[in-house]
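The next block holds one structure in the form of C-alpha cells; read it before the comments.
Bear in mind that the values in this text are calculations on the coordinates, not laboratory data. No experiment lies behind these values; they were computed from the predicted model shown. Note that each Cβ is placed from the backbone with ideal geometry, even for glycine, and that neighbours are counted across all protein chains shown.
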Amino acid sequence: MFTTLNLLSEILSPAHICPYDQACSYLDSAAKELKLDPNLITILSHPRRAITVSIPIKLDNGDVQVLVGHRVQHCNVLGPYKGGTRYHPAVTLREISALAMLMTWKCALLGIPYGGAKGGITLNPNHYSVGELERITRRYTSELINDIGPAVDIPAPDVGASAREMAWMMDTYSVNVGHAVPGVVTGKPISIGGSLGREMATGRGAMIMAREALALHGKTIADAHIVIQGFGNVGSSVALLLHQAGAKILAISRSSGGIFSEAGLDIPALKAYADLHNKELVGFPGSVQISNQDLLVLPCDVLIPAALENQITAENVSRVEASIIVEAANGPITLEADRALESQGVMVLPDILANAGGVVASYLEWVQGLSYLFWHEERVNREMEGLMVEAFQKVMKQSKAQQTPLRLAAYALAVGRVAQAIKDRGLYP
Ligand code: GLU
C-alpha cells in the first residue's frame with residue numbers, strides 16, 4: 001500500500017482532459033459564484049488521501065493475478081469519508097478521485113454528516129468466478145483495514161458491486177478487529193444490519209426528483225414519457241418505480257444494446273426477461289432494438305442516464321430532445337454538453353442531487369447500525385423522501401435567487417457548506 005505525492009500529481013496533471021479536471025471546473029464555478037477565498041479552493045481541489053493497493057489473488061486454475069484497487073478520500077471536514085466501491089474495467093485513479101470529490105458535494109448538499117470518498121478495482125467482474133470475486137474483495141478490504149471504519153471511512157456498493165461484496169467487506173473487517181462491526185459498510189444484506197429500502201434507494205431518489213421536476217412543468221409521472229439508459233441496480237429500480245406510478249417507459253438500454261416500445265415497456269416482465277437471458281434486454285417481446293446513441297436523443301419528457309460517465313457529449317447534445325434530464329449516474333454529461341443543454345433550455349437535475357438517494361439511505365442504514373435499532377421500510381423511505389425533497393427545494397430556491405443553472409446552484413450550496421466548515425474549524429497546524 002502506498003500514498004505518495006507523485007500519485008497526487010498524477011491525478012492533478014494538466015496534461016490530459018480527465019474527469020478530475022471536469023470535477024475541479026465545477027468546483028471553480030461554484031467558488032466564483034460564492035466569491036470564495038482562493039486558498040479554500042486550493043484545499044478543496046486536492047483529495048486529502050489517495051491510496052492505491054495491489055490485490056494479488058489465486059485464480060480458480062491455480063495461477064496468481066495481481067489487480068489494482070484504489071480508495072480516494074477527498075474531504076472529511078463534515079464527518080467520516082463516505083462513498084461507493086466500483087468494480088469496472090475502466091476504473092482509474094483519476095476517475096475515482098473525481099467521484100470522491102462528487103461524494104463530498106453530494107453529502108454536503110443533502111445535509112448528511114459525511115465527507116466524500118470513492119473506491120474502485122480495475123476489473124471486469126463478469127470474468128471472475130464468485131470465489132475469485134470473494135478473494136479479491138477480502139484482500140482489497142484487508143489492504144485498507146487501517147483506512148476504513150465506521151468513524152473513518154464507510155464504503156458502499158457502486159457500479160459492478162452489490163450487497164454481496166459489502167457482506168464480504170464487513171466480514172473481513174469484523175474478523176480482523178475481533179467483533180461484528182455493522183457500521184463499517186452500508187448497502188449490506190438485511191441479515192447483517194442492512195437497511196430495508198437501501199437496495200432501491202438510488203432509483204427511488206431519482207424517481208422523486210423526476211416527480212418534483214415534472215410537477216414544475218405542470219405534469220405528473222402518470223402523464224410522462226420516460227427514457228432510461230442503464231438497467232443495473234439504479235436503472236432497473238427507477239424504471240420499476242416510475243412504471244408503478246403510471247409512467248410510460250419508452251426505451252431502456254444496457255451497454256450491449258437497448259429496446260424501444262411506442263406503447264411503453266412492461267418493466268416487471270422486462271426484469272423477468274433479463275433474468276432469464278443473461279441480463280440482455282434485446283429480443284423482449286413487443287419491443288424493437290435501439291442503440292444507446294439513438295436512445296439518448298429520443299423525444300421524451302424525462303431522460304434518465306443511469307449508467308456511466310460522459311454519455312451526453314458535444315457530439316450528441318444538439319440532438320437531445322428531452323425536456324428534463326435526471327442524472328441518476330455520476331457525471332453522465334460532459335462539461336461542454338452541460339453548457340449546450342443550458343442554452344437548449346433543458347432542465348438538468350445534477351448528479352449530486354439526482355442520485356443522492358443511495359447515500360441518504362446509506363446514512364440511515366449507518367445510523368440504524370450505530371444505534372442497534374432497526375426501522376420499518378416505510379420509515380426509511382419517508383426519511384429519505386424528506387431529505388431529498390428538502391434538497392430539491394433548496395436548489396430550486398438558490399437557482400431562482402441567483403439566476404443560475406441547477407448544477408451551479410447545487411454546487412454553490414454544497415461547496416459553501418464545506419467551505420464554511422473549513423473556515424470554522426481552521427487549518428491545522
Ligand atoms: N455509490 C453510491 C453513490 O455514488 C452510494 C454511495 C454510498 O452509499 O456511500 O452515491
(message) Quick check on the stretch 330-408: take the gyration tensor over C-alpha atoms, sort the square-rooted eigenvalues as a ≥ b ≥ c, and tell me if it's rounded (a/c under 1.5), prolate or oblate.
(response) prolate
(request) Assuming a ≥ b ≥ c are the square roots of the Cα gyration tensor eigenvalues, decide whether the stretch 76-210 counts as rounded (a/c under 1.5), prolate (otherwise, with a/b larger than b/c) or oblate. (result) rounded
(request) Please report how far the C-alpha centroid of the stretch 240-265 lies from that of the stretch 164-223, rounded to the nearest whole angstrom. (result) 23 Å
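With helices defined as uninterrupted DSSP H runs, which ones in the chain have an alpha carbon span along their own long axis of at least 30 Å and mean Kyte-Doolittle hydropathy of at least -1.0? Could you put the intermediate results ahead of the total?
Values: long enough: 377-402 (37 Å, -0.96).
Those that clear 30 Å and a mean of -1.0 are 377-402.
With an 8 Å cut-off on Cα pairs and a minimum separation of 6 or more residues, tell me the relative contact order of the stretch 13-79 in percent.
On the way: 53 pairs, mean separation 17.2, N = 67.
In percent, rounded to a whole number, it is 26.
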(request) Work through the residues other than Arg204 whose Cβ is under 15 Å from its Cβ and net out their charges, Lys, Arg +1 and Asp, Glu -1. (result) -3
(request) Between the alpha-carbon centers of the stretch 95-138 and the stretch 23-43, tell me the distance in whole angstrom. (result) 25 Å
(message) Please give the Cα centre distance for the stretch 330-373 versus the stretch 278-325, rounded to the nearest Å.
(response) 19 Å
(request) Calculate I(q)/I(0) for the chain by the Debye formula, one identical point scatterer on each C-alpha and no solvent, and give its log10 at q = 0.08 Å⁻¹ to two decimals. (result) -0.41
(request) Write down the percent of antiparallel bridges among all DSSP beta bridges whose residues are both part of the chain, to the nearest 5. (result) 50 percent
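When a/c reaches 1.5 or more, the comparison of a/b and b/c decides; with that in mind, is the stretch 368-429 rounded, prolate or oblate per its Cα gyration tensor? List each step's numbers first, then the result.
Numbers: a/c = 4.58, a/b = 1.27, b/c = 3.61.
Oblate.
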(request) Arrange the peptides 208-216, 383-391 so that the one whose residues have, on average, the most other Cβ atoms within 10 Å appears first. (result) 208-216, 383-391
(request) Rank Ala356, Ala269, Ala206 by mean-square fluctuation in a GNM of the chain with C-alpha springs under 10 angstrom and give only the top-ranked residue. (result) Ala269
(request) With a 10 Å radius around each residue's Cβ, average the other Cβ atoms per peptide and rank 81-91, 31-41, 343-353, highest first. (result) 81-91, 343-353, 31-41
(message) Among 49-55, 223-229, 375-381, how do they line up by average Cβ neighbours within 10 Å per residue, starting with the highest?
(response) 223-229, 49-55, 375-381
(request) For n ≥ 4 DSSP H runs only, could you compute -39500 (n - 2.57) per run for the chain, divide by its residues and tell me the 222 nm figure to the nearest 500? (result) -14500 deg cm²/dmol
